[in-house]
Amino acid sequence: MNLKKLYITTAVLAVAATVTYFVKNADTSKPEDPRIGTNLVDNDELNQVTELELISGTESMTFLYDADASNWQLQESYNLPADTGKITELTNQLKETKLQRIASRKPERIADFGFGIDYINLNDASGNSILSLDLGRETEAGKQLVRFGQEELAFIASDSFSVDGDPVSWLEKTLIDVERDAIRSATFQLENGDTLSVTREDDTTDWTTEDTLPEGKQLDQGAITRALNRLVSINFIRLAEQSDPEVVGAQDHSYTISYTLADDSSYTITAGQRPEVKVEKEVETTNEEGETVTEMQEEVETPAGAVFVQISSSDSDAAINEYMSRAAFATTSTLYTAAPKALDDLLSDIPEPEPEEEPAEDPEPAAE
């Protein structure tokens, strides 16, 4: 045997064994990407965010933080204030969600992950990106496929996300919310032209009026209170342009109620609805004798529009005054349909006086 060749072979095997040892015993716990195990965003980064952009399909929503008003405003919806709770819920989810592992580095696999539809973008005041998150589909385990920007690298995140593409769902819906017991006076201007002004000392006393009421009538305390209670907390359900035909039609068929609170602040609320349009049409029907006859029937040509509300505050700095100048607000139908239509709806009959009992006759004296 050639000893020289044997020594060389032994040395090569020794080197190979050494390499194999270090490969097998290398620290395999080191992540493939330094971002694995970290949160999508941290508190310090969130504190720099002044612009939040949400994209869902073709719908894009941009929220800007207004430091003076201390709220987020949705640019695509007349700069109206966003629902603070919903914004907070989203940002909390972003800072609590961690990147668990890499899903894939292969473009052909990533193409099937559902990216390119929903995005969450956070920017600072200078327009610099704090976070650009592309949301893929949810995994079978309830995790979320995500990637940053357009990176050809997909991660699995610890929590699932969804972008609500309805702009109105992100808005603060409450237009007015006051204490019903704080109302001290009110003026009704009803759709048919009737008016009534009432006052009360506090919430434990009855409503009174200096208006002349029809003979035999008095204020219906319950009807007045119910009508006002519907106006102390008002939310909207959708928005419209002020030039919308439904909005214009509602203004021509509306009532107005103003009320003043214990602190002397006051609100004026107008609510209306464009009525349905009916037309008469000739319709062929069959009578009892089986003959075909033509008769006129009413049909609804245009259904009634939505109920729109207009609110103004005596405080010139109240935000509601500014909001009302930007858009028209549709609200629940009962704000109009359940409202008093005429003065008689706020009155009741004066009860007939109880008949006086006749005094009992003195019994006849007993015979002696």
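The values are calculated or read from the model by the stated rules, or taken from the named source; none is laboratory data. These numbers come from a predicted model, not from an experiment. With ideal geometry, Cβ positions are generated from the backbone for all residues, glycine too; neighbour counts draw on all protein chains shown.
Checking each residue of segment 149-156 against the condition of being out of contact with any Lys or Arg (no Cβ under 6 Å at 6 or more places or on another chain), surrounded by 13 or more Cβ atoms within 10 Å (Cβ to Cβ) and either part of a strand (DSSP E or B) or at pLDDT 95 or above (or both) gives at least one match. Residue check: A67 meets all listed conditions (1) aliphatic (A, V, I, L, M); (2) within 22 Å of W170 (Cα to Cα); (3) modelled with pLDDT of 95 or more but one, namely (3).
Number of residues in segment 94-146 that are assigned to a loop (DSSP other than H, G, I, E, B) and in contact (Cβ under 8 Å) with a residue 60 or more places away in the chain equals 4. Inside segment 80-89, residues that are buried (at least 16 other Cβ atoms within 10 Å of the Cβ) and outside any strand (DSSP E or B) make up a count of 2. Taking the criterion of being of a type in the set (D, E, K, R) and surrounded by fewer than 17 Cβ atoms within 10 Å (Cβ to Cβ), the residues of segment 256-290 that qualify are D263, D264, E276, K278, E280, K281, E282, E284, E288, E289.
Where strands (runs of 3 or more DSSP E) fall wholly inside segment 268-320, the ranges with 2 or more residues that are in the same structural domain as S258 (by TED's automatic domain parsing) and modelled with pLDDT under 90 are 277-286, 292-302. Scanning segment 201-213 for residues that are out of contact with any helix residue (DSSP H, G or I) (no Cβ under 8 Å at 6 or more places or on another chain) and closer than 26 Å to T337 by Cα yields T208, T209, D211, L213.
Once segment 321-367 is narrowed to residues that are more than 30 Å from L219 (Cα to Cα) and of a type in the set (A, V, I, L, M, F, W, C), the residue that is modelled with the lowest pLDDT is A367. For segment 36-51, filtered to residues that are surrounded by 13 or more Cβ atoms within 10 Å (Cβ to Cβ) and either out of contact with any Leu (no Cβ under 6 Å at 6 or more places or on another chain) or charged (D, E, K, R) (or both), the residue that is nearest to A154 (Cα to Cα) is N39.
On the stretch given as segment 160-182, residues that are within 17 Å of V232 (Cβ to Cβ) and in a helix (DSSP H, G or I) total 3. When each of S185, S243, S197 is tested for being touching an Asp or Glu at 6+ places or on another chain (Cβ under 7 Å) and not basic (K, R), the lone residue that passes is S197. Would segment 200-219 turn up any residue that is surrounded by 13 or more Cβ atoms within 10 Å (Cβ to Cβ), in contact (Cβ under 8 Å) with a residue 24 or more places away in the chain and under 34 Å from the mean Cα position of the chain (by Cα)? Checking segment 200-219: not a single residue is surrounded by 13 or more Cβ atoms within 10 Å (Cβ to Cβ), in contact (Cβ under 8 Å) with a residue 24 or more places away in the chain and under 34 Å from the mean Cα position of the chain (by Cα).
Listed by first and then second residue, the pairs linking a residue in segment 252-275 that is farther than 17 Å from S313 by Cα to a residue that is among the β-branched types (V, I, T) and in a strand (DSSP E or B), with Cβ atoms under 6 Å apart and 6 or more places separating them unless they lie on different chains, are S254/T270; Q273/V307.
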